[in-house]
1. Could you grab the relative contact order for region 117-257? Cα pairs under 8 Å, six or more apart, rounded to a whole percent.
2. Starting from region 238-345, pick out the chymotrypsin sites (Phe, Trp or Tyr not before Pro) whose DSSP state is loop and whose Cβ has at most 15 other Cβ atoms within 10 Å.
3. On the Cα set of region 117-257, report Rg and Dmax in Å, please.
4. What number of lysine-lysine pairs in the chain show an alpha-carbon separation below 19 angstrom, given a sequence spacing of 8 or more or placement on distinct chains?
5. Let me check against my output: what whole-number percent is the relative contact order of the chain, with C-alpha pairs under 8 Å and at least 6 apart?
6. With a 10 Å cut-off between alpha carbons and a GNM built on the chain, which of Asp219, Asp238, Asp191 moves the most?
7. When the Cα atoms of the chain are enclosed in a convex hull and the volume is divided per residue, what value in Å³ results?
8. Of Tyr222, Tyr153, Tyr102, how do they rank once you tally other Cβ atoms within 10 Å and put the fewest first?
Amino acid sequence: MKPEYQIAVLPGDGIGNEVMQAAEQVLQALQKRTGVALALSTQKAGAQHYLDSGVALPEATLKACEAADAILFGAMGLPHVRGADGTEIIPQLDLRFHFDLYAGVRPIRTFKGLPTPLASPKAAEIDLVLVRESTEGLFYARGRGETRPDGVYDTMQITRKGTSRICEFAFRLAERRAAQKGRAGRVTNVDKANVFASMAFWRKIFEEVAAKHPGMAADSAYVDAMALNLVMKPWTYDVLVTENMFGDILSDLIAALVGGMGMAPSADIGDRHALFQPAHGTAPDIAGQGKANPTAMILSAAMMLDWLGDRHDDIRLKDGAGLIDRAVEQVFSSGQVRPFEFGGTSSTADITRAVIGGL
């Protein structure tokens, strides 16, 4: 077992700093419970750093991320900070491509004690994971757009390698979830194969991969129909796998189903490296007010521990991830705290203290 894990911490901009402080406090408390030593090293990056220095992702920060066992990321980007092409300064995409973090993992579940916008009592059963291919698709066009006198052209890329590995990832995840939950699993492919040749190719590769996992149910849906079904019956889904842009959009939709982005953790995982971050943005409108819900950040830290536990065969890390998950569930189900977006008055600090108390 590894005695100490090096974690590169990139708080970023806006509420990224506030929710990262919450996650660090939880991890520090957890170390005393589990005996795991985490060396948290704060690194500079983000839109504000770009304003201050002219560099959004310093070389020293990139080197620290390369050397780390995992990257813990807050939120980066500010609406008024943009590059020459008009797009926002968002180093998380640079990290994603640099480390080939091809699997964007977005788990969503409901928590007892918190309301959802859906009227059906079945909303309490929402427990799904969206797996987003994160290096190809329409995002491949970032920095490659072709500007002509009549317009700008962005090209989608779908390759056999990229599609095969993300589909394999989704099926392996579904198999683990089925074993953990003691029930059958299912992978649903989301595409637009009726219109785009790239998406028809994507579906063909998905079906090839599905055939290698005969014990796992598999089906496909068009992205527009899926958007409707995720509002009407999200509790019927297990693991979704989709192209980059579709996944970017649908991951926000599913977060809304359980109360908002403050409840949405995520991971960007590659074969050697992984980055863990809340799915929300920097929320400059509430930055500095102590209102930010740190739950997504705290749950992202739990995902980090679980991934490290698998990678290094360290049960202490996986136990720590479980402790955090159960503490978060307990503080909401007991009514100890309620975030502002749910009509409550619990501050970032209130929620953090309650989770630490529940460890």
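1. Here the relative contact order equals 37 percent.
2. Numbers: sites: Phe246, Phe276, Trp307, Phe332, Phe340, Phe342; in loops: none.
Taking region 238-345 and a limit of 15 other Cβ atoms within 10 Å, no loop chymotrypsin sites (Phe, Trp or Tyr not before Pro) are found.
3. Rg then Dmax for region 117-257, in Å: 16.0, 58.
4. 14
5. Values: 743 pairs, mean separation 80.1, N = 359.
Relative contact order here is 22 percent.
6. Per the Cα network of the chain with a 10 Å cutoff, Asp219 tops the list.
7. So the per-residue hull volume is 143 Å³.
8. Tyr153, Tyr222, Tyr102
Every number here is computed from the coordinates shown, using simple stated rules; none is lab data. Treat the numbers as computed from the prediction; the structure is a model and nothing was measured. For neighbour counting, all protein chains shown are included, and Cβ atoms are generated from backbone atoms with ideal geometry for every residue, glycine included.
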